[in-house]
1. Calculate one ³J(HN,Hα) per residue across region B:291-308 by plugging θ = phi - 60° into the Karplus curve 6.51 cos²θ - 1.76 cosθ + 1.60, and present them in order as whole Hz with x for glycine and proline.
2. Largest first, how would B:Leu155, B:Leu230, B:Leu310 line up by accessible area (1.4 Å probe)?
3. With a 1.4 Å probe on protein heavy atoms only, tell me which residues of region A:157-187 lose at least 50 Å² of accessible surface in the complex relative to the chain by itself.
4. When Cβ neighbours within 10 Å are restricted to other protein chains, what is their mean count per residue of peptide A:124-130?
5. For peptide B:247-258, compute the average count of partner chain beta-carbon atoms within 10 Å of each residue's beta-carbon.
6. Per residue, how much accessible area does chain A show when a 1.4 Å probe rolls over the protein heavy atoms, in square angstrom?
7. Quick check for you: with a 1.4 Å probe and neighbouring chains kept, what is the accessible area per residue of region B:108-166, in Å²?
8. Pairs of Cα atoms under 8 Å, at least six residues apart: use those to get the relative contact order of chain B, whole percent.
Amino acid sequence: MTASAEAAREPLLLIEGLTTTFPVRGGTVTAVDGVDLVVHEGECLGVVGESGSGKSVTFLSVLGLVRHPGRVTARRLRFAGRDLAALDEASRRDLRGRDIAITMQDALTALNPAFTVATQITEVLLAHGRARSRAEARRAAIDIMRLVGIPAPETRIDDYPHQFSGGMRQRIMIATALACRPKLLVADEPTTALDVTIQAQVLDLIGDLRRELGMSVVLITHDLGVVAENTDRVAVFYAGQVVEQGLTREVIDRPAHPYTRGLLASMPSFDDLDRPIRAIPGQVPDPARLPAHCRFYDRCAEARESCRVPVDLREIEPGRLVRCARAGEVADV
Amino acid sequence: MSLSRLLERLLGLIPVLLGVSVIVFLMISLTPGDPVEIMLGDSRATPEQIAALRHDMGLDRSAMERFLVFLWNAVHGDFGLSFFHRRPVIDVLAERLPATIELTLVSLVLALVIAIPLGVVAAVRKNSWIDRIATVGSLLGVSLPGFWFGILLILFFGVHLGWLPISGRIGYSSEVHSVTGFLLVDTLIAGRPASFLDAAAHILMPALTLALPMAAILMRVTRSSMLEVLRADYVLFAEAKGLTRARVIGRHALKNALIPTVTVAALETGSLLGGNMIVETVFGWPGIGRLVVEAIFNRNFPLVQASVLLYAVTYVLLNFVADLLYVLLNPRVRL
């Protein structure tokens with residue numbers, strides 16, 4: 001098989017055995033523990049889990065943005081056919097913003113208050129050689145602002161972030177991320193900081209842009225509703241691990257992991273307003289003292305003594321991965 | 001910022017200045033010591049002569065009367081005659097002011113040039129050896145008295161090595177015609193580079209003496225605000241855009257981190273313009289600081305009054321300048 005054929009079959013982003021640890025007083029915190037994940041060309045992958053489950057850190061690790069003294073290791077980390085681990089810092093920097101872009105939860109804190117929108121969008125284009133002059137970068141920035149639906153971009157481009165409304169600011173951040181038309185957009189909680197009415201607009205915008213620019217999107221969220229409506233596949237995170245991965249419809253219709261079932265049960269439903277919301281009892285394990293066995297063991301209603309063993313992510317049907325020792329037996333209960 | 005807001009801020013100076021003049025006047029009136037006795041010294045002046053001098057200087061009038069006369073004249077730009085120099089106070093001040101301003105500005109530039117890069121590097125490489133050295137150094141800089149450091153400089157570079165002149169603003173042979181009063185500028189206008197270097201050599205030690213304690217404080221302020229800014233989301237987002245580390249730190253982080261530095265620099269500059277009496281005395285620097293010390297010893301009331309008023313004005317103006325700089329650094333601030 002030739003190298004290009006190999007690359008063509010390979011997913012856009014391939015993560016295998018990604019582990020991110022932070023040394024703390026008297027030990028280490030494992031924020032991400034052996035995560036396996038793929039993002040295919042053109043798809044929208046939902047990444048769902050509670051805060052602190054390692055969703056964001058996983059993608060910051062991919063981008064090489066984990067701050068000192070965090071340590072990132074991976075068995076394989078490949079993007080668009082290139083080995084990310086083999087890249088030097090300069091090539092990795094080139095990748096950021098140009099091929100892989102991220103947006104953050106709150107545009108108010110992600111955009112620099114001291115610079116105009118013009119500066120913040122054009123600098124990405126100039127840094128990646130997508131514009132030869134400031135004037136050209138400015139024209140391109142106005143175009144991208146128009147694309148994300150900012151009215152009168154010719155004049156608004158010289159405003160500062162605080163002069164925009166929350167929804168518009170979110171669009172500015174998306175425009176900044178998409179300025180170089182990346183292959184992959186990692187949208188980290190894009191709706192959490194927004195009013196409910198604006199949330200749908202922003203999600204629709206991301207969906208439209210994905211089709212228009214032909215990029216892949218990773219949608220990080222803690223909201224299974226957002227996942228159900230906007231994603232093709234989903235990966236469920238729990239305590240630094242992927243516990244379930246598969247097609248969104250299948251995972252939501254037939255959740256294979258008890259944690260996924262717990263998440264679904266704790267969501268209010270419009271179809272059945274009388275159904276009580278059932279919270280998952282207990283708490284996420286302390287990341288500095290993770291058990292060797294199944295991490296959901298203490299909170300799992302279906303746990304057996306036989307669950308007190310380390311559990312790997314395994315494929316129960318093609319494309320469907322679950323990290324549960326009893327996956328086969330319990331799924332059909 | 002609108003012009004009317006600017007005017008409003010400037011008008012706000014008036015009550016401040018009025019308050020300062022009252023306080024200064026009261027303090028002088030309460031200070032023991034008679035300027036006439038000091039001026040006449042041991043000479044055997046007759047009571048008539050003393051009374052004549054007293055009348056001449058307006059000291060035979062009541063304090064209230066003297067204050068109102070002072071205020072009235074001050075509004076018209078007349079601060080009276082310096083008892084000691086027998087010349088208008090304003091002329092005496094104008095003659096000495098450039099020396100102090102020049103020293104202050106050079107110190108400020110030196111302090112910023114030392115403090116900002118050190119503060120940034122110390123924050124970026126937190127807990128590295130350079131951070132530790134900078135932190136310990138700044139602790140020393142803050143705690144050691146400036147004049148003591150000045151004396152050490154004189155002993156080492158002036159006396160021991162003989163590299164730098166230890167007193168005055170410029171050597172006799174290097175003097176040039178005064179245009180601006182700033183010797184570093186005047187020597188260049190006169191087209192005499194040798195004189196410029198001489199003036200620079202004279203200003204180096206006193207400026208360093210003033211700059212180092214200031215740099216120590218500014219470095220600490222820059223370091224701590226930089227540490228805070230480096231944790232901000234917009235710094236992470238800027239990195240995620242693929243910008244170089246230099247641009248992320250030097251522009252995105254620094255512009256936000258400098259805001260507290262500017263405030264402290266303005267306050268420190270204010271106290272330099274007023275409070276460098278000791279350093280000016282140690283280095284024989286003919287500025288306002290020494291002038292005021294002499295004026296106080298001589299009970300030279302008009303001069304003391306005018307200089308304290310001058311301090312008040314500079315201090316308030318510098319704060320005003322700091323406010324203007326905020327607007328430049330942080331567009332969210334509206335005056």
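1. Residue by residue, region B:291-308 yields 4, 5, 4, 4, 4, 5, 4, 8, 6, 7, 3, x, 5, 4, 4, 5, 6, 5 Hz.
2. Values: B:Leu155 95, B:Leu230 30, B:Leu310 50 Å².
Highest to lowest solvent-accessible surface, that is B:Leu155, B:Leu310, B:Leu230.
3. Listed by number, the residues meeting the 50 Å² cut-off are A:His162.
4. Working: counts 5, 1, 1, 6, 3, 0, 0.
Shielding by partners across A:124-130 averages 2.
5. Values: counts 2, 0, 0, 0, 5, 6, 2, 1, 4, 4, 1, 1.
Per residue, the number of nearby Cβ atoms from other chains is 2 on average.
6. Values: 15330 Å² over 333 residues.
Result: 46 Å² of accessible area for each residue.
7. Working: 3620 Å² over 59 residues.
On a per-residue basis, 61 Å².
8. Relative contact order comes out at 25 percent.
The values are calculated or read from the model by the stated rules, or taken from the named source; none is laboratory data. Everything numeric here is computed off the predicted structure, so don't read it as measured data. When we count neighbours, we look across all protein chains shown, and the Cβ atoms used for this are built from the backbone with ideal geometry, even at glycine. Areas reflect the complete protein model, heavy atoms only, side chains present, ligands, DNA and RNA absent. Shrake-Rupley method; radii C 1.70, N 1.55, O 1.52, S 1.80 Å.
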